[in-house]
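Chemist: Okay, here's the structure, questions in a sec.
The values are calculated or read from the model by the stated rules, or taken from the named source; none is laboratory data. None of the values given here were measured: they were computed from a predicted structure. Cβ: placed from backbone, ideal geometry, glycine included. Neighbour counts: every protein chain shown. Ligands, DNA and RNA are stripped out before the accessible areas are found, and what is left, the full protein with its side chains, is counted by its heavy atoms. Shrake-Rupley method; radii C 1.70, N 1.55, O 1.52, S 1.80 Å.
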Amino acid sequence: MEKTRPLWANPLQFVFACISYSVGLGNVWRFPYLCQMYGGGVASVVVSFFLSMYYNVINAWGFWYLFHSFQDPLPWSVCPLNSNHTGYDEECEKATSTQYFWYRKTLNISPSIQENGGVQWEPALCLILAWLMVYLCILRGTESTGKVVYFTALLPYCVLIIYLVRGLTLHGATNGLAYMFTPKLEQLANPRAWINAATQIFFSLGLGFGSLIAFASYNEPSNNCQRHAIIVSLINSFTSIFASIVTFSIYGFKATFNYENCLRKVILLLTNSFDLEDGFLTASNLEQVKTYLASTYPSKYSEVFPQIKNCSLESELNTAVQGTGLAFIVYTEAIKNMEVSQLWSVLYFFMLLMLGIGSMLGNTAAILTPLTDSKVISSHLPKEAISGLLCLISCAVGLVFTMDSGNYWFDIFNDYAATLSLLLIVLVETIAICYVYGLRRFESDLQSMTGRSLNWYWKVMWAGVSPLLIVSLFIFYLSDYFLMGTLQYQAWDASQGQLVTKDYPTYVLVFIGLLVASSTMCIPLVALGTFVMRHQRGDTAPLA
């Protein structure tokens with residue numbers, strides 16, 4: 001008799017676990033960015049391991065910002081004084097206070113990926129805390145995870161609703177919402193838009209990572225998987241749109257605030273330079289007065305002209321920022337200008353932590369499930385020890401991301417560890433089910449387990465539409481990489497207070513190639529190994 005497999009306490013726990021995993025940081029920071037830009041198995045274990053190594057660093061940053069959110073004023077709201085206490089820090093003045101806090105105080109980022117620096121103990125401690133939280137949540141398997149997912153799935157929605165109410169009442173929120181819902185039809189012809197849209201779905205739903213399969217393995221065989229797949233997909237898509245409304249309302253407030261602040265500075269500059277009467281120059285007549293001053297006082301205007309900024313609400317809204325930039329720069333820029341900013345900061349970073357931990361539960365489940373199911377491993381180590389070793393190893397490797405150059409390596413893992421690999425994994429899964437194992441056999445298995453026949457929609461999508469779309473995306477990806485030429489990254493230049501583009505050194509390009517190959521090569525290598533072993537045993541039975 002095989003050992004009884006642990007099960008979810010009820011089907012709702014499984015649904016919440018899937019929602020908690022699929023509704024993550026990508027819904028908050030990647031989907032809104034794409035809207036802004038374009039308008040509106042074995043390999044799975046390796047990919048999930050790569051993801052776990054760097055993904056929990058985001059939670060470490062979340063803890064770092066959460067701890068600093070209790071300060072008054074918020075530490076990223078103003079620039080620090082220089083060493084002589086005669087003015088503000090030069091790097092901060094050239095950038096912004098939020099950028100300075102992120103790049104200098106949080107990351108202490110090096111000027112290039114080639115300058116590694118050392119491990120910074122404060123982010124390292126936050127990373128250890130983040131992994132300790134994950135370990136406590138997965139310690140007892142489904143028994144502990146099933147209870148945690150109620151919080152990680154539901155609490156972010158509570159915070160998003162609070163933020164929605166606050167965001168819609170902010171000055172300039174309508175500017176952001178109008179920008180969000182204004183389509184850029186010309187982007188429909190841009191292949192990159194479709195690539196990013198597909199990647200968003202892959203990442204958001206967690207396709208190819210193995211997490212959903214791991215969660216589903218703790219269900220009763222009679223579980224209505226078709227209904228749950230639709231529910232999770234719809235909730236995930238709804239959350240992305242809902243989170244985007246929240247994001248763009250706050251983004252509109254930030255853009256409007258910056259735009260009006262820019263106008264005030266220009267008005268003050270011109271008023272003082274040309275001794276204009278206070279209140280004479282306004283936003284409505286600014287351009288007209290500028291033209292008049294330029295024609296009437298050409299020499300004096302030419303002296304002042306370099307200091308006149310070109311204020312544009314459209315350009316503020318067009319500033320596309322994703323990922324860590326959206327979460328830790330754009331949001332913090334908006335939060336610092338809100339009333340009771342500490343409260344909104346605590347709520348926001350608490351929400352990020354719930355989203356991040358919920359996703360980490362899925363990432364670790366994809367790794368732990370096959371490990372604990374392995375008789376070779378589970379016969380020597382208890383489940384708690386396996387979970388502890390996974391967290392310890394991942395945390396140790398993750399310390400790389402707390403170095404001065406850590407953010408550059410974080411971007412590499414984020415961009416290349418699970419992009420092409422995911423497409424290939426899902427393609428192989430689809431082909432294996434439909435054409436190796438057989439779609440009819442798979443349909444018969446589902447019907448015998450659930451008592452429900454398979455809808456024609458699933459069969460058409462699995463057998464035809466999905467493989468064609470994935471192959472097309474795979475071709476788009478490869479052509480896009482070839483057209484880009486040498487891979488580049490954004491490095492922080494402290495002297496300019498902004499990001500500059502640099503080429504990756506050769507050894508980093510080799511590492512990127514190995515990173516992509518390490519997961520994708522698992523499929524043919526394991527298949528070859530299985531074939532050789534079966535051939536040596538003289539086993540001629542079908543692989544399925």
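Chemist: Quickly run through the stretch 451-493 and pick out the residues that are among the polar types (S, T, N, Q), under 24 Å from Val426 (Cα atoms) and modelled with pLDDT of 80 or more.
Modeler: So in the stretch 451-493, the residues among the polar types (S, T, N, Q) come out as 453, 455, 466, 472, 479, 486, 488, 490.
Now drop any that are not under 24 Å from Val426 (Cα atoms), which leaves 453, 455, 466, 472, 479.
Listed by number, the residues that qualify are Ser453, Asn455, Ser466, Ser472.
Conditions tested, residue by residue: (1) part of a loop (DSSP other than H, G, I, E, B); (2) at pLDDT below 90; (3) touching a Lys or Arg at 6+ places or on another chain (Cβ under 9 Å); (4) open to solvent by 50 Å² or more (accessible area, probe 1.4 Å).
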{"position": "Tyr103", "(1), (2), (3), (4)": "no, no, no, no"}
{"position": "Ser110", "(1), (2), (3), (4)": "yes, no, no, no"}
{"position": "Gln114", "(1), (2), (3), (4)": "yes, no, no, yes"}
{"position": "Glu122", "(1), (2), (3), (4)": "no, no, no, yes"}
{"position": "Leu125", "(1), (2), (3), (4)": "no, no, no, yes"}
{"position": "Ile128", "(1), (2), (3), (4)": "no, no, no, yes"}
{"position": "Trp131", "(1), (2), (3), (4)": "no, no, no, no"}
{"position": "Val134", "(1), (2), (3), (4)": "no, no, no, no"}
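Chemist: Just checking, does the stretch 462-477 include any residue being open to solvent by 60 Å² or more (accessible area, probe 1.4 Å), closer than 25 Å to Ala43 by Cα and in contact with a Ser or Thr (Cβ under 9 Å, 6 or more places away or on another chain)? Break it down into steps so the answer makes sense when it comes.
Modeler: Going residue by residue through the stretch 462-477, those that are open to solvent by 60 Å² or more (accessible area, probe 1.4 Å) are 462, 468-469, 471, 474-476.
Filter once more, keeping what is closer than 25 Å to Ala43 by Cα: 462, 468-469, 471, 474-476.
Those left that are additionally in contact with a Ser or Thr (Cβ under 9 Å, 6 or more places away or on another chain): 462.
The answer is yes; a qualifying residue exists.
Chemist: So if I check each of Leu281, Leu313, Leu268, Leu276, which one is open to solvent by less than 20 Å² (accessible area, probe 1.4 Å) and over 24 Å from the mean Cα position of the chain (by Cα)?
Modeler: The match here is Leu281.
Chemist: Another question, if that's okay. Considering only the stretch 487-520, state which residues are assigned to a loop (DSSP other than H, G, I, E, B) and over 23 Å from Gly325 (Cβ atoms). Let's see the steps before the verdict.
Modeler: Initial filter on the stretch 487-520 (assigned to a loop (DSSP other than H, G, I, E, B)): 487, 494-497, 504-505.
Pro505, the sole residue that qualifies.
Chemist: Take Leu423 and tell me if it is farther than 30 Å from Leu515 by Cα, under 34 Å from the mean Cα position of the chain (by Cα) and open to solvent by less than 60 Å² (accessible area, probe 1.4 Å).
Modeler: Judged against the criteria, Leu423 is not a match.
Chemist: Right, next: Would you mind finding the one in Ser448, Ser444 that is surrounded by 12 or more Cβ atoms within 10 Å (Cβ to Cβ), modelled with pLDDT under 90 and of a type in the set (Ser, Thr, Tyr)?
Modeler: Only one candidate passes the filter, namely Ser444.
Chemist: Oh, and also: Out of all the residues in the stretch 224-231, is one or more open to solvent by 30 Å² or more (accessible area, probe 1.4 Å), at pLDDT 80 or above and β-branched (Val, Ile, Thr)?
Modeler: yes
Chemist: For the stretch 191-219, how many residues are open to solvent by less than 40 Å² (accessible area, probe 1.4 Å) and within 14 Å of the chain's Cα centre (by Cα)?
Modeler: Residues flagged as open to solvent by less than 40 Å² (accessible area, probe 1.4 Å) and within 14 Å of the chain's Cα centre (by Cα) within the stretch 191-219 amount to 7.
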